[in-house]
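Notes to accompany the following structure.
The values are calculated or read from the model by the stated rules, or taken from the named source; none is laboratory data. Values in this document were obtained by computation on a predicted structure and should not be read as measured data. Positions of Cβ are generated from backbone atoms using ideal geometry, with glycine treated the same way; all protein chains shown enter the neighbour counts. Accessible surface areas use protein heavy atoms only, side chains included; no ligands, DNA or RNA. Shrake-Rupley method; radii C 1.70, N 1.55, O 1.52, S 1.80 Å.
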Amino acid sequence: LVLSGEKILALIPASAAAPETLAAKYGRVARVIDATGCAIIPGFVQAHVHLCQVLMRGMADDLPLLDWLRKRIWPLEAAHTEASLTASARLGLLEMMNAGTTTLLDMGTVNAHSAVMEAALESQLTVFSGKAMMDAGAGVPRALRESTRRSLAESDSLVASYHGREDRVFYAYAPRFILSCTEALFRGVVERSQAGNLLMHSHAAEHPGERAFVRSIYGKDDVDVLAEYGFSGPRAILAHGVQLTDKQAKQASERGTRFVHCPSANLKLGSGIARVGELRRVQWSLGADGAPCNNNLDPWIEMRHAALLAKSRTGTTALPAEAALRLATIEGAKSLGIEDRTGSLEVGKLADVVVVRTDAAHALPGGDVYSRLVYACKAEDVEHVFARGKHVVRKRENLVFDQEQVCQAALREAKQLQQRARLR
Ligand SMILES: [Zn+2]
């Protein structure tokens, strides 16, 4: 694989990769990395994460979704400061980058979201992100409750400051979910998304208890209400889709609405298993969701869970290894509308590239490359990561962030965050 600047320049046989042959063909060769015993794969795309929640890892275990939000996550998010958000985002970006994630879609919290956008700029990764929008709902702390007008105005101002920066940080509107947003807010987002061709990102069809609650209020399901508001189609990305009916899946595939499978989070919050192997026409991708409902942001774990859970539903041929790897890479790029730029190793695409060892004891001796990658390899096998041609992880060392500093800041800020939130 020959990289030049931000892009993939060529794919050549290993026999043609001697330094002198390369120099004769491509001119000056800055660096040759020997990837013997490794696989070279596209950088992972995680289409649903919450960088603002990384500090809350381990602070909200073993609760169902609505209690998880009201008793833990919202009070903690309300206690965030710029400093704690920066520490949280850096820790999450470091963890994801070290495991080979090069593109992500993030939902923030309500306030001080510019701290997350700044960390995204620092990271060198391709990041789509937006502040959480919340202008309604029971049990929402005062600090997270905003007026419709303020929520939209703040989003507008973040779009103006960050959308398109360095051609790799993009704004994505993020009304949190139906129970915390008014119709006017959703419609305001739809209007802006259409006008500026920006993504809109929310949660839907997640937990059975939540579905019952939504039905008691609206007389129908969140995905149907959102579609009535215009929140559907190729710019709409909805996390979860666990509760999708066949009819809703058919409508989503006809309109082009995307869904993000978050297998670990769905298991941990007791939401169920999304029918990814069955609802094939839906545009699915993968995401780790938040650290407090997972508790890792590890694409390897999500990919493996996706493959295994599909088999538990419909048999061992559901979601074979190669399909699981595609779900974690090119399908994520398609969901974000950037499949012409990243998600696969093709000449002319961005050099979002991961070099991963496939010869560790836990991956030897057999299996084809897809089997090894999906069923045996782990995040710790990632040796090198390139994000848009920049070497961001070299021999497992992160070259963007000072790992020690990021971890120390996270410990310090998490302690203070917990004190400020005064959790019972
Ligand atoms: Zn989420």
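Determine the order of Arg168, Arg235 by accessible area, beginning with the largest, at a probe radius of 1.4 Å.
Values: Arg168 5, Arg235 75 Å².
Ranked from most to least accessible, the order is Arg235, Arg168.
Just name one of Cys38, Ala333, Thr182: the one whose Cα is farthest towards the positive end of the charge dipole of the chain (beta-carbon charges, Lys/Arg +1, Asp/Glu -1).
The one lying farthest along the dipole's positive direction is Thr182.
Looking only at the chain, where both bridge partners belong to it, what percent of the DSSP beta bridges are antiparallel (to the nearest 5)? Can you show the working numbers first?
Working: 19 of 48 bridges.
Here the antiparallel bridges make up roughly 40 percent for the chain.
Could you pull out every one of the lysines with an alpha carbon less than 21 Å from that of Lys250, ignoring same-chain neighbours closer than 8 positions?
Cross-link targets: Lys220, Lys334.
Along the three principal axes, how long is the range 90-133 when you take its alpha carbons, biggest first, rounded to the nearest angstrom?
Answer, in whole Å and largest first: 29, 15, 15 Å.
Evaluated at 25 °C with a viscosity of 0.890 mPa s, what Stokes-Einstein diffusion coefficient in µm²/s does the range 120-234 have when Rh comes from the Kirkwood expression over alpha-carbon pairs? Present the calculation step by step, with values, prior to reporting the outcome.
Working: Rh = 14.9 Å.
Diffusion coefficient, whole number: 165 µm²/s.
Can you figure out the FRET efficiency of Ala138 with Ala212, using R₀ = 22 Å and their beta-carbon distance, to the nearest 0.05? Walk me through the numbers before you get to the answer.
Values: r = 15 Å, r/R0 = 0.68.
Working from the Cβ atoms, E equals 0.90.
To the nearest 20 debye, what charge dipole does the chain have about its Cα centre, counting +1 at the Cβ of each Lys and Arg and -1 at the Cβ of each Asp and Glu?
Numbers: 51 positive and 47 negative charges, 96 e Å.
I would put it at about 460 debye.
What is the distance in Å between the Cα centroid of the range 375-424 and that of the range 112-181?
22
Amide H to amide H under 5 Å from Thr101: which residues, 5+ apart in sequence or cross-chain, H placed 1.01 Å off N in plane?
Hits under the 5 Å cutoff: Phe44.
Select from Ser161, Ser202, Ser232 the residue whose mean-square fluctuation is largest in a Gaussian network model of the chain (Cα-Cα springs shorter than 10 Å).
Among Ser161, Ser202, Ser232, the largest GNM mean-square fluctuation belongs to Ser161.
Considering Cα pairs under 8 angstrom that are at least six residues apart, work out the relative contact order of the chain and quote it in whole percent.
Values: 869 pairs, mean separation 96.7, N = 424.
After rounding, I find 23 percent.
Over 16 Å apart: what share of the alpha carbon pairs of the range 77-188 falls there, rounded to a whole percent?
On the way: 3573 of 6216 pairs.
Percent of Cα pairs beyond 16 Å in the range 77-188: 57.
Using only the alpha-carbon atoms, how far is helix 299-314 inclined from the longest principal axis of the chain? Give it as 0 to 90 degrees, nearest 10.
70
Based on Cβ point charges of +1 for Lys and Arg and -1 for Asp and Glu, what charge dipole magnitude is obtained for the range 133-264 about its Cα centre, in debye rounded to the nearest 20? Please list the in-between numbers first.
On the way: 17 positive and 16 negative charges, 13 e Å.
Dipole of the range 133-264, to the nearest 20 debye: 60 debye.
Over the Cα atoms of the range 273-370, what radius of gyration and what Dmax do you get, in Å?
Every Cα atom of the range 273-370 included, Rg and Dmax give 14.5, 39 Å.
Run the 1.4 Å probe and let me know the accessible area of Phe259, rounded to the nearest 10 Å².
0
Just report the Cα centroid separation between the range 241-316 and the range 353-374, whole Å.
24
Averaging the inverse of every distinct alpha carbon separation and then flipping it gives the Kirkwood radius. What is it for the chain, in angstrom units? The partial results should precede the final answer.
Details: mean 1/r = 0.0461 Å⁻¹.
Evaluated on the chain, it is 21.7 Å.
Working with all protein chains in place, sort Val29, Val2 by solvent-accessible area computed with a 1.4 Å probe, largest first. Kindly include the intermediate steps, with their values, before the conclusion.
Values: Val29 55, Val2 20 Å².
Correct descending sequence by accessible area is Val29, Val2.
Under 19 Å from the Cα of Lys395, which lysines turn up, not counting those fewer than eight places away in the same chain?
Those lysines meeting the cut-off are Lys378.
Using the Karplus curve 6.51 cos²θ - 1.76 cosθ + 1.60 with θ = phi - 60°, what ³J(HN,Hα) values do you get for each residue of the range 18-29, in whole Hz, with x for Gly and Pro?
5, x, 5, 5, 4, 4, 5, 8, 10, x, 5, 10
So between Ser312 and Cys407, what do we pick up on full extension, going 0.36 nm a residue minus the alpha carbon distance? Before the final figure, lay out each step's value.
Details: separation 95, 0.36 × 95 = 34.20 nm, distance 3.69 nm.
Going from the current span to full extension adds 30.5 nm.
Give the relative contact order (percent, whole number) for the range 27-172; include only Cα pairs under 8 Å separated by 6+ residues. Mind dumping the intermediate values first?
Numbers: 185 pairs, mean separation 35.0, N = 146.
The value is 24 percent.
Run down the aspartates and glutamates and flag those whose C-alpha is under 20 Å from the C-alpha of Lys415, throwing out any fewer than 8 positions away in its chain.
Counting by Cα, and skipping residues close in sequence, Lys415 has these aspartates and glutamates nearby: Asp61, Glu77, Glu82, Glu95, Glu404.
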